[in-house]
Amino acid sequence: MNHPTPITGLQLRSHVLPSGELQVSLVNVDTPAPAADEVVVRIEATPINPSDIGLLFGAADLSTVKATGTPASPVVTAQIPAAAIKSMAGRLDQSLPVGNEGAGVVVAAGASPAAQALLGKTVAMIGGAMYAQYRSMKADQCLVLDAGTTPAEGASCFVNPLTALGMVETMRRDGHKALIHTAAASNLGQMLNRICIKDGIDLVNIVRKPEQAALLRGIGAKYVCDSSSPSFMDDLTDALVATGATVAFDATGGGKLAGQILSCMEAALGRTATEYSRYGTNVHKQVYIYGGLNTGPTEITRNFGFAWGLSGWLLFPFLQTIGADANQRLRKRVAAELKTTFASHYSKEISLVEALQPEHIAVYGQRATGTKYLINPSKS
């Protein structure tokens, strides 16, 4: 049976004030009666991905977070450094909803047969504004989860799984045979390992701590390099010699790591080069930056010849370039392997109100491996 509409529920919003202050709050919004081809979903699980944190807090300095409002209706403020104000100009004085993806139960449906068929079903969605208790969606944009699959199990079935598959797809389309991944012990990194193990692809994992290396080896990773080790550059070069990897996906963005990867690629190729060239090896070496865990400048020392590339990579532009058939193929694989290859793990489940508590922001705001949070907007 359809839930009476309109439905009023909480929605989390991020607002950059003209004063240069960031304000994050919960507001009551009405979700209108669905159109014929629409449904209304009660959201029960939505992950906090690094890309969500980028919209949620922007360039704000999280060390300046202050909580105001009331326990039931909290407001969080933080200062945006003067040097970063220009980068936020495009969203000045706009109250923006947050949350890329989520899952929940369809509680109201439009008149079309496709919409009515979803009533009562558990579905996953992507499209923004998921940090809310209710969300309207086109019926054909909902992914029906298999019976017995919970919203928490389906909440992260788009961004991380399709990103991991997109990396492998890009590797193949660019003509590489193996790949490198940084911040590799993350949920996404573990998915990528399971994909590569299943598909017989060599993957070189770069992590920042010994315990992260141990975690990956525990799930079957063969090549793991710890960037905190004194032997990191030698270890990485040895792994690249063994695998022939010449394409990398870097989640850190800033710092020296992208340049170090290119240097080690060149060193690995040089070990098997048959003749010397002052222009370096002629095999193309590519690093794609797809994240910004390090917000500092990207630093490179050009000691890797001229056959190289360093550029950005984003999931949604990539999906637009590969066409409908390839998109459907990737999504079908995610659906078929949701509880195995693409299973996500969370360190904590919190409510919308708890998402605005400074003690939780201090943890998930670090975007650190092993601290992925899940919001349950239906949790009181």
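Values in this text are rule-based calculations from the coordinates and carry no lab data. Keep in mind that what you see is a predicted model, and the values were worked out from it rather than measured. Cβ: placed from backbone, ideal geometry, glycine included. Neighbour counts: every protein chain shown.
What the table below lists for this structure:
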quantity	calculated
Coil-residue trypsin sites (Lys or Arg not before Pro) of segment 213-310, DSSP, other Cβ within 10 Å capped at 15	R278, R302
Calculated P(r) tail over 20 Å for segment 159-317, as whole % of Cα pairs	45
Cut-off 11 Å between beta-carbons: net charge of the residues surrounding T122, Lys and Arg +1, Asp and Glu -1	-1
Distance-filtered residues of segment 293-317 - backbone nitrogen under 14 Å, label point 7 angstrom along T371 Cα→Cβ	293-294
GNM result for the chain, Cα springs below 10 Å: residue of D61, D325, D235 fluctuating most strongly	D325
Cβ-based exposure ranking for D226, D202, D140, in which fewest neighbours within 10 Å come first	D140, D202, D226
Pair Y279, S19: separation of 7 Å Cα→Cβ label points (nm)	5.9
Neighbour net charge for A35 - beta-carbon separation under 13 angstrom, K R +1, D E -1	-2
Mean-position separation - Cα centroids, segment 28-42 and segment 51-72, in angstrom	28
Above-threshold pairs, the threshold being 19 Å between Cα atoms, out of K138/K339; K222/K256; K198/K222; K66/K86	K138/K339; K222/K256; K66/K86
Label-point gap, in nm, between I197 and E211 - each point 7 angstrom along Cα→Cβ	2.1
T272 paired with N28, simple spin-label distance in nm, labels 7 Å along Cα-to-beta-carbon	6.6
Pairwise FRET efficiency - D146 versus T321, Cβ, R0 = 35 Å, nearest 0.05	0.75
Where N is the number of residues in the chain, Cα Rg divided by 2.2 N^0.38 Å	1.06
Choice from I85, I195, I48 with maximal GNM fluctuation in the chain (Cα, 10 Å cutoff)	I85
Antiparallel bridge percentage (DSSP; both residues within the chain; nearest 5)	60
Shape call, segment 166-247: gyration tensor on alpha carbons, a/c limit 1.5	oblate
Value at 222 nm in deg cm²/dmol, rounded to 500, when DSSP H runs of n ≥ 4 in the chain each add -39,500 (n - 2.57)	-9000 deg cm²/dmol
Inter-centroid distance (Cα atoms) of segment 102-138 relative to segment 209-244, Å	42
Given charges at beta-carbon only (K, R positive; D, E negative), |dipole| of segment 159-317 in Debye	160
Volume in Å³ per residue [convex hull over Cα atoms, computed for segment 56-163]	167
